[in-house]
Protein chains: 2
Amino acid sequence: MIRADFALRHAGQLATMMPRPDDPLGRIKDGALAAHGGRVVWIGDDRDLESQVTLDGDLLDAAGACVIPGLVDAHTHPVFAGSRADEFAERVSGVTYHAQQSGERGIARTVRATREADVSALTELAAARANRFLANGTTTIEAKTGYGLDLDHEAKSLEVIRQLAEQTRLRVIPTFLGAHTVPPGVDRRAYVRSVIDEMLPAFRPWAVFCDAWCEASAFTAAEVRAVLGRAKELGYAIRVHAAQLAPGEGPDIAAELGASSADHLEFATPSQIAALAKAGTVAVLCPGANFTTHGPRPPIEAMREAKLAIAIASDLNPGTSNSESLPLAMSLACVQWGMTPAEVLTGATVHAAHSLKLDGLVGCLRRGSYADCVVVDAESPEAIPYYVGVNRVLQTVAGGALWEPS
Amino acid sequence: MIRADFALRHAGQLATMMPRPDDPLGRIKDGALAAHGGRVVWIGDDRDLESQVTLDGDLLDAAGACVIPGLVDAHTHPVFAGSRADEFAERVSGVTYHAQQSGERGIARTVRATREADVSALTELAAARANRFLANGTTTIEAKTGYGLDLDHEAKSLEVIRQLAEQTRLRVIPTFLGAHTVPPGVDRRAYVRSVIDEMLPAFRPWAVFCDAWCEASAFTAAEVRAVLGRAKELGYAIRVHAAQLAPGEGPDIAAELGASSADHLEFATPSQIAALAKAGTVAVLCPGANFTTHGPRPPIEAMREAKLAIAIASDLNPGTSNSESLPLAMSLACVQWGMTPAEVLTGATVHAAHSLKLDGLVGCLRRGSYADCVVVDAESPEAIPYYVGVNRVLQTVAGGALWEPS
């Protein structure tokens, strides 16, 4: 008998996301799972649960609803203060996102508001976002800094991420994004030097990943190569904001450095996509930001052809995607881009986990994985994106225990 | 002193939706309201509440969050069984909605599933939908039949709507939509005759509105004129599914009959729009269905120019818009169509109420209106569509009492 301290039973369809030849979602009909110490210790047919598992703890009855792994969001900016709702409204009337990236609006505006907020205020805001992530089925996020943009305020943002991980049930993987944009009033060469010489070494213990935005409104290819090259030397794993608003070298840099992810990629070329696939980089696509900025459709067919792994992320941020909902991002990717439900489910679990170096631990359900899963009011996992913009999550289980909104 | 049995205070911005020259939302900063017997009896500045109102009942503290009237959804199809998630997935891969309207798919499929379900099963499904409406801020819906399509099953659907109104806190306004599509295996002339001669007279006590779909895949202009003309004689108020998939006479018929609403209108012409405005008909636009079917943008500019009142509806239905969220519909109308936040807020309150002949009672907050309101975690009412696809509703108040999910 296997000892367990949590079990879930009667999952109408339990998507393990461990692909089989006949089913990319590796589903078990009328499935069950058991956990101990936060990890899955048994998974199988409901009818075998009682004979194989000794439970001393909570039993959750899914009553025929679907169960999927807790969703994994590979691109979020959860540490910020202030609102840019008016910029959303301006874009509705035709102002472009690019035109908002200067002076009083855009990222610089969020940087000002974030610098003015202290750790406790920022953590409270981020914790409210964590509640919305968990309520909408996400149990793991990548969390970027990038609204501090100097040594002290980027350190503060990393501290907020640390407290967020400590205080909430969300798994939080920290990314240092000092190279998000050049902060207002600062010489860009001096800023890049500060990122490379001061911030990168100082933050190494606090961040798993280093990210940089390669774009005309952000950093040049040379600057991004310098920042991420140094980051790699220091032992950071690499992510790149690449080719979101215009063609550029971001995807090339990601491939050169063997980045874990290249993100956005609306303007990636077929040869860049081939290079990313060869490098084992994951394409992290952000349908929410693409939607509100009226971006072009990313080259999905070229990605499929190159067998590039595609993750789907919320890109939670105050400028272009103020949404913690991966199911909404999945719906957008299906409707706007023609991705299939199976592709977006894999994208918000397995491929997202791979881009975070958490393969087999999150984004799937098997012996040894974290017991993070979501009970969803849907007739099949593939039906989740069909319920557009309405939260169908009934229960979120994080680390082998039921989560309740706080 | 005014006696009240419910009060709400500290609304950071309380949108009355009673327009003033300086503010189309008629907002009160740090506002409060009091209700008695389900109606608003006092509304004003928070600082005046205690001196003007004697409260014997619950006091809800909005703690600075926004308060808006309960949203009004002027176009929903909440009485159905079965799923069409696979049709959503097929459209992702390029199949058109029109091509799905025959044989084994489309509306006919939902008709089969709905006929097989009894009143109790259908009411349970509809009540789950009511919970999602209320959770997402909607307190009043128009509810159509249209998946029964014979005397007995349309009567059953109207009974479900009656029970839904009785069993839930949602205000439910019934619409008979026998002329939704010609049911499979039935002669269309015989069906139209049955609608006109049997169903319309039988259902008059049970439905406020009669609706018909004027479209190649549904009913001809002559058939719609016959059905809705007879409905009007019998005292029904009129709604028309008009010019959704192709140009047609639906908008003309709506204007001729002085319909309360003409719905969808993607292909309405400028002269039709002028006629609708002159007739006092409300344009009920359905961004969710437009989104998932890749419909063209409705002629918003022509509608603005004609001063045609525009309502925004969820169009909850299993084929094209399986969503009870008006905030999502509002986000879609902003992003996809360039409507402004103020336009979509007015569309989901005042104009929707007008199309349901409930002006001044729902969709606004003033002395005498129903005490239906929503506390929203947003910095302003205009920020609501900025939070795409995430439910920011903190509390729903229906009929002067807090609603809790059942």
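Nothing in this text is a laboratory measurement; each read-out follows from the coordinates by a stated rule. Treat the numbers as computed from the prediction; the structure is a model and nothing was measured. Here Cβ is always computed from backbone atoms with ideal geometry, including for glycine, and neighbour counts include all displayed protein chains.
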222 nm [θ] for the protein assembly as shown, helices only, -39500 (n - 2.57) per DSSP H run of 4+, per residue, to 500? -9500 deg cm²/dmol
Positive dipole terminus of segment A:39-138, leading residue within A:Ile43, A:Thr54, A:Phe133 (C-beta point charges): A:Phe133
Looking at the protein assembly as shown, how many pairs of lysines come closer than 14 Å at the Cα, when each pair is eight or more places apart or spans two chains? 4
Once you order the gyration tensor axes a ≥ b ≥ c over the Cα atoms, which shape class does the protein assembly as shown get: rounded for a/c under 1.5, otherwise prolate or oblate by comparing a/b with b/c? prolate
If you average the sequence gap of Cα pairs under 8 Å that are 6 or more apart and divide by the length of chain A, what percent do you get for the contact order? 20 percent
Hey, got the dipole for chain B? About the Cα centre, +1 on K and R Cβ, -1 on D and E Cβ, debye to the nearest 20? 500 debye
For the pair B:Asp56 and B:Val186, how long in nm is the line joining their label points, each one 7 Å along Cα→Cβ? 5.4 nm
Note the angle between two axes, namely the Cα long axis of helix A:221-234 and the longest principal axis of the Cα atoms of chain A, as a number of degrees from 0 to 90, rounded to the nearest 10. 50 degrees
Going 7 Å from Cα along the Cα-Cβ axis for the label, what nanometre distances separate A:Pro296 from the same residue across the other copies? 2.5
Please work out which residue of chain A brings its Cβ closest to the axis of the rotation superposing A onto B, and round that distance to whole Å. A:Gly389, 2
Per-residue Cβ contact counts at 10 Å, fewest first, order A:Phe219, A:Phe209 as A:Phe209, A:Phe219
Label B:Arg112 and B:Arg47 with points 7 Å out from Cα along Cα→Cβ: what is the distance between them in nm? 6.7 nm
Formal net charge of residues neighbouring A:Gly64 (Cβ-Cβ distance under 11 Å; K, R +1; D, E -1): -3
Positive end of the charge dipole of segment B:71-355 (Lys, Arg +1 and Asp, Glu -1 on Cβ, about the Cα centre): tell me which of B:Gly248, B:Gly235, B:His77 has its Cα farthest that way. B:Gly235
To the nearest whole number, what is the average tally of beta carbon atoms from other chains within 10 Å of the beta carbons of peptide A:376-388? 5
Each label point is 7 Å from the Cα along the Cα-to-Cβ direction; what then is the distance between the points at A:Glu166 and B:Ala246, in nm? 6.6 nm
What's the local net charge at A:Gln395, with K and R +1, D and E -1, over the other residues with C-beta under 15 Å away? -2
The FRET efficiency for B:Thr269 and B:Lys232, from their Cβ-Cβ distance with R0 = 30 Å and rounded to 0.05, is 0.80
Once Lys and Arg are counted +1 and Asp and Glu -1 for all other residues with Cβ under 10 Å from that of A:Lys29, the total becomes -2
Just counting partner chain Cβ atoms within 10 Å, what average do the residues of peptide B:84-91 show around their Cβ? 5
Which order, highest average first, do A:233-246, A:303-316 follow once you tally other Cβ atoms within 10 Å for each residue and take the mean per peptide? A:303-316, A:233-246
Per residue of A:335-347, how many C-beta atoms from partner chains lie within 10 Å of its own C-beta, taken as a mean? 2
Could you order peptides B:352-362, B:253-263 by the average number of other Cβ atoms within 10 Å of their residues, highest first? B:253-263, B:352-362
If each label sits 7 angstrom from Cα along the C-beta direction, how far apart, in nm, is A:Ala113 from its counterparts in the other copies? 4.1
Classify segment B:88-173 as rounded, prolate or oblate, taking a ≥ b ≥ c as the square roots of the eigenvalues of its Cα gyration tensor: rounded when a/c is under 1.5, otherwise prolate if a/b is larger than b/c and oblate if not. oblate
Once a ≥ b ≥ c are taken as the square roots of the eigenvalues of the Cα gyration tensor of segment A:71-355, is the result rounded (a/c under 1.5), prolate (a/b larger than b/c) or oblate (a/b not larger than b/c)? rounded
Position A:Pro247, label points 7 Å along Cα→Cβ, spacing to each other copy in nm (shortest first, one decimal): 3.9
Could you state the angle between the C-alpha long axis of helix B:270-279 and the longest principal axis of the C-alpha atoms of chain B, as a value from 0 to 90 degrees rounded to the nearest 10? 60 degrees
